[in-house]
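Have a look at the structure below, then the notes.
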2 protein chains.
Amino acid sequence: MTQVFNFSSGPAVLPPEVLRQVQAELLDWHGSGMSVMEMSHRGPEFGQILAEAEADLRTLLAIPANYKVLFLQGGAHLQFAMLPFNFAAADSTVDFVNTGHWSKVAIKEVSRYAKVNIAASSEDKNFSYVPDESTWQRSKDAAFLHYCSNETIGGVEFNFIPKSNGVPLICDMSSNILSRPVDVSQFGMIYAGAQKNMGPSGVAVSIVDEALLGKARSETPTMLNYKTFADNGSMYNTPPSFGIYVAGLVYKHVLAQGGLAAMEAKNIEKANVLYAAIDASSGFYHCPTALADRSRMNIPFTLADSKLDAEFLAGAEARHLLQLKGHRSVGGMRASIYNAMPLAGCQALADYMNEFARTKG
Amino acid sequence: MTQVFNFSSGPAVLPPEVLRQVQAELLDWHGSGMSVMEMSHRGPEFGQILAEAEADLRTLLAIPANYKVLFLQGGAHLQFAMLPFNFAAADSTVDFVNTGHWSKVAIKEVSRYAKVNIAASSEDKNFSYVPDESTWQRSKDAAFLHYCSNETIGGVEFNFIPKSNGVPLICDMSSNILSRPVDVSQFGMIYAGAQKNMGPSGVAVSIVDEALLGKARSETPTMLNYKTFADNGSMYNTPPSFGIYVAGLVYKHVLAQGGLAAMEAKNIEKANVLYAAIDASSGFYHCPTALADRSRMNIPFTLADSKLDAEFLAGAEARHLLQLKGHRSVGGMRASIYNAMPLAGCQALADYMNEFARTKG
C-alpha cells in the first residue's frame, strides 16, 4: 500500500499499530468467533472492552474518582445543546470565551437556552489569538465558563487553564485531548469528539464532576441528560461499541508510548518542525496565529502569493501529503498533526515546504 | 477461527462477506492509503461512500424521491425525543400502538412532550400479540400514529401496515428493516437503529417524507431537528463515518443477494425451521407469541421445565450457539435471526433443540 501522510483535521490519522490490531481481530475478537461489531453490548466481551477503555482513559488523564467518564454519541455538537439543559437554568448566564469557529457554534446553541456573556473574544483579529485572561469580563454568577482549548480552524490553543473563580469550567477539548497532560480536577467537565486524538467519529467522551449531575432541567430529553449515561455506565442504550473499542485500543497505545507527558514532548517536537519551516521562509509562508498561542495540533499557514496555492497542493498530493487545504475562513493550508501523525510526516511536509519555497520564491 | 452462530438481539451477526471486505480494506480503502476511519468526512472518498450508501438503500426499499434518507446518531432512543419536537405541538395528541418494550420506551419519552393516546395495547397478555386494527381507538386529530413493527423482546411482528386515515404513520423498524419489502410511501417516517439488520451500532437511519420537515418546535435542539440533517445531507456535523461505510457494504450485499423479496423468502424459511422445532416438541418448548404475529426476526421460547434452562444454554454454548438467553421479562430463550443469520444457524439450533427435547423430555 502507498505510504501517505494524512493531515486531515478530523476524522484523522490513527496509529498504524491500532489499525493493524483492529484488522487482525476484525472477524474474531479474542477467540470469541465474533467481530466486536457483532457482540451484544450486554455481554461479557464488550463489558470488558468498555471497562478497559474507561480504566485506561482514567489512567492517562489521572481522572479523579469523583469524575464520571461517559461515552456518548452525537459528537461535540450534541453536547452544545446538552450544556444548558444540564448545567444552566433558563434565567442564568453562561460565560464564554470566543476564540473561533467552535466557540461560536457552542455559543450559538447555548444562547438559545440561556443568557450568554462573551467574557472575551478574539474576533477583532480573525480569531488569531487567545485573549489575555486579565482582560476577561466575567459575569458575577455564571452557571459555567466555557472555552475551546484548541480551535482547529484558527490553529489557536490555550496554553493555560483559566481560573475557576468558583464557577465550573467546561472545556471543549475535541482537538487536543490526550495531546498533553491536563489537570482534570480544575474542570467541571471536559468533553471531546473522538475523531481527532481518540478514534473514529461517532464516539464522544465526557469527563464530568459528579457534583454537577442531577440538576438537569425537567424538560431535558432523556438522551441529552448526562445523568442518564452516568447512572447506566454509558449503557442506557446501545453504545457505539465498535468506536469505543477502537478508542480503547488508542488509549492502550498512548499508554504504551509513555502516556501524555511523552505525547506532549513528541507533539512539541513535531509542531516545531513545521513552525520552523514557516518562520525560516522569509515571508514565503505565514502563520496567522499569535506566537504564544500557536496550536500544536493544527497549523494553518498561507502563501504570500495565493496564486501558488493550487500548485502547492498538487505537489503535496504527488508526494502523498494529503488533506492540506486550509479552511475557507483562513485560506491557504492547514496541517493537522494529531498524536498519530509521526514526526516523519512533519519532516516530509517541512522538506516539501522548503523545496517549494526555494523553487518558487 | 471457531465457527459460531450468534443469536444476539443486537448488535448482531453481520454478513461474513461484509466483514471480510471491511478487514481487507481496513488499512487502505481503494488505494487511498487511508482507513475509512481516517478520512475527512468532507473529502471525495467519504463523499462517495455516503452517496452510494444512500443510493443503495433507496434502491433496496424503493424509496420515493420525496423522502429524505438521513444517517443519524443516538440510536432509536434519541429519536424517541426527536419525534415530538419535530412532529407534534405541545398541545397535540399522538396515537400509539403499544405492543411491548420498545413501544413503551417511545411512549414514555413522547408523553413528556405531548399528549399520548394509547390507541391499542397488548399489555393484557404480556405483549404476546398485535391488537386487531379494527379495535384501535384512534384520536381525531393525532399529530401522528406511532408503532414498532417488530418487538425484539416479545417476538411480535406486524404483518400489515396500519391505515393512515390521513395521519402520518411513524414506525420504529429497528429490528426488521430490510428483512422484507415495505411500501415506504405509506409512512410519514420510518426509523431504525443499524445494529440489527444494517450494520454496527452508532448509526441510525430515518426515511422521512420531506413534507413533514421544517415544522419543528422553536426550542428544538439543532441536533434533534431532522431538518438539520436533511438540509446538510447528513453532514451537518461529523457523521459516524465508519458505521455508515459498513452499513453501505451491507446494503450492497443485500442487493447482490436479490434484494428484500429474496431476504423475505430466506427469513420465512429460517423462522419456520425454528417455529417447527418448537411446535413439534409436544409442549417441551413454548413460544408465547400469537401464531399470526410471530416475528421472523426474534423467536422467544420457554422450556416447560424452566429448571432445564441453564443446562439448555450450557449445551448450546458448547455447540457454539451463542447469546440465546431470553430477556428477563419473557424468560427462557430468544433466538434472534436477522438477515445475516444463515439458514445453517437455524438448522443447527433446531437440531440441538430436538436433541435436547429428546434426551430431557
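The values are calculated or read from the model by the stated rules, or taken from the named source; none is laboratory data. All figures in this text were calculated on a predicted structure; none of them were measured in a lab. As a convention, Cβ positions derive from the backbone with ideal geometry for all residues, glycine included, and neighbour counts pool all protein chains shown.
State whether one or more residues within the range B:306-318 are in contact (Cβ under 8 Å) with a residue 60 or more places away in the chain, crowded, with 20+ Cβ neighbours inside 10 Å and either in the same structural domain as B:Gly100 (by TED's automatic domain parsing) or not acidic (Asp, Glu) (or both). Checking the range B:306-318: not a single residue is in contact (Cβ under 8 Å) with a residue 60 or more places away in the chain, crowded, with 20+ Cβ neighbours inside 10 Å and either in the same structural domain as B:Gly100 (by TED's automatic domain parsing) or not acidic (Asp, Glu) (or both).
Of all residues in the range B:169-183, exactly one satisfies the criterion of being surrounded by fewer than 20 Cβ atoms within 10 Å (Cβ to Cβ) and over 14 Å from the mean Cα position of the chain (by Cα), namely B:Asp183. With respect to the conditions (1) among the hydrophobic types (A, V, I, L, M, F, W, C); (2) more than 11 Å from every other protein chain (Cβ to nearest Cβ); (3) not in a helix (DSSP H, G or I), A:Ala51 falls short on a single one, namely (3). Out of B:Val4, B:Val22, one residue alone is within 30 Å of A:Phe7 (Cα to Cα), facing another protein chain (nearest Cβ under 9 Å), within 23 Å of the chain's Cα centre (by Cα) and touching a residue at least 60 places away in the same chain (Cβ under 8 Å). It is B:Val22. Take A:Ile268 and tell me if it is in a helix (DSSP H, G or I) and either of a type outside the set (Gly, Ala, Ser) or touching a Pro at 6+ places or on another chain (Cβ under 7 Å) (or both). For A:Ile268, the condition - in a helix (DSSP H, G or I) and either of a type outside the set (Gly, Ala, Ser) or touching a Pro at 6+ places or on another chain (Cβ under 7 Å) (or both) - is met. Give me a count of the residues in the range B:32-42 that are surrounded by fewer than 22 Cβ atoms within 10 Å (Cβ to Cβ) and either facing another protein chain (nearest Cβ under 7 Å) or of a type in the set (S, T, N, Q) (or both). Adding up the residues that qualify gives 2.
Within the range B:191-201, identify whether any single residue is over 22 Å from the mean Cα position of the chain (by Cα) and of a type in the set (A, V, I, L, M, F, W, C), and answer yes or no. No, the range B:191-201 contains no residue that is over 22 Å from the mean Cα position of the chain (by Cα) and of a type in the set (A, V, I, L, M, F, W, C). In the range A:184-206, which residue that is within 23 Å of A:Phe87 (Cβ to Cβ) and not hydrophobic (A, V, I, L, M, F, W, C) is surrounded by the most Cβ atoms within 10 Å (Cβ to Cβ)? Once the filter is applied, the top-ranked residue is A:Gly193. Is it true that some residue in the range B:49-57 is buried (at least 24 other Cβ atoms within 10 Å of the Cβ) and touching a strand residue (DSSP E or B) at 6+ places or on another chain (Cβ under 6 Å)? No, because not a single residue in the range B:49-57 is buried (at least 24 other Cβ atoms within 10 Å of the Cβ) and touching a strand residue (DSSP E or B) at 6+ places or on another chain (Cβ under 6 Å).
Scanning the range A:290-335 for residues that are among the aromatic types (Phe, Trp, Tyr) and not in a helix (DSSP H, G or I) returns a single hit, A:Phe301. Against the list (1) surrounded by fewer than 24 Cβ atoms within 10 Å (Cβ to Cβ); (2) farther than 27 Å from B:Ala271 by Cα; (3) touching a residue at least 40 places away in the same chain (Cβ under 8 Å), the condition B:Asn126 fails is (2). Residues in the range B:324-361 that are out of contact with any helix residue (DSSP H, G or I) (no Cβ under 9 Å at 6 or more places or on another chain), touching a residue at least 40 places away in the same chain (Cβ under 8 Å) and of a type outside the set (A, V, I, L, M, F, W, C): B:Arg334, B:Ser336, B:Gly361.
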